[in-house]
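Worksheet for the structure shown next.
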Amino acid sequence: MSEIRAKEKQEVQRTAESTRNVPIYIPDVDIYETNDALVVVADIPGVSPENVDIDLRDDTLTIRATVDLYGGNERPVLTEYEMGDYYRQFTLGRLIDQSKIEASMKDGVLTLILPKVEKAKPRKIMVKAV
């Protein structure tokens with residue numbers, strides 16, 4: 001029987017200064033493939049959909065997500081869950097139809113559908129009798 005352990009959040013090492021004084025984490029993702037697309041599922045708890053920025057430039061897909069921190073009157077007494085922003089980048093290959101990428105979010109989980117270009121989709125070739 002294996003021991004169950006919580007995975008620690010991995011913080012991004014900043015190369016530039018930030019205007020927000022919060023840590024930036026690398027969100028955990030699962031990537032799976034269907035016949036028509038690659039699907040990226042990213043955990044970004046505490047982020048509302050309007051605070052997610054997805055940018056595609058020069059074959060690089062960038063996910064940035066900003067967490068709304070505590071309200072003005074709240075003061076943390078005990079915090080076991082570290083809050084912070086999220087940042088992750090992916091380089092896309094030629095198999096992805098970049099013009100058709102879709103994103104949706106539910107309950108702190110971001111789902112990206114990266115459709116394959118037609119030539120990359122598997123297809124059955126019929127054999128004709130001659």
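Near Ser48, the amide H atoms lying under 5 Å from its own belong to Asp68; only residues 5 or more places off or on other chains count, and H is placed 1.01 Å from N. Between Asp55 and Leu92, the distance separating the two model label sites (each 7 Å from Cα on the Cα→Cβ line) works out to 1.5 nm.
Model label sites at Thr79 and Ala129, defined 7 Å from Cα along the beta-carbon direction, differ in position by 7.4 nm. Solvent-free Debye calculation, one equal scatterer per alpha-carbon of region 39-130: log10 I(q)/I(0) at 0.13, 0.21 Å⁻¹ equals -0.58, -1.06.
Amide H contacts of Asp28 (H built 1.01 Å from N, in plane; Pro and chain starts excluded): Asp43 sit under 5 Å, all sequence-distant by 5 or more or on other chains. Note on Lys121/Asp68: beta-carbon distance plugged into 1/(1 + (r/R0)^6) with R0 of 41 Å gives a FRET efficiency of 0.55.
Coordinate-derived values only; no laboratory data. The structure displayed is predicted, hence computed values, not measured ones. Quick reminder, even Gly has a Cβ in these numbers, built from the backbone with ideal geometry, and neighbours come from all protein chains shown.
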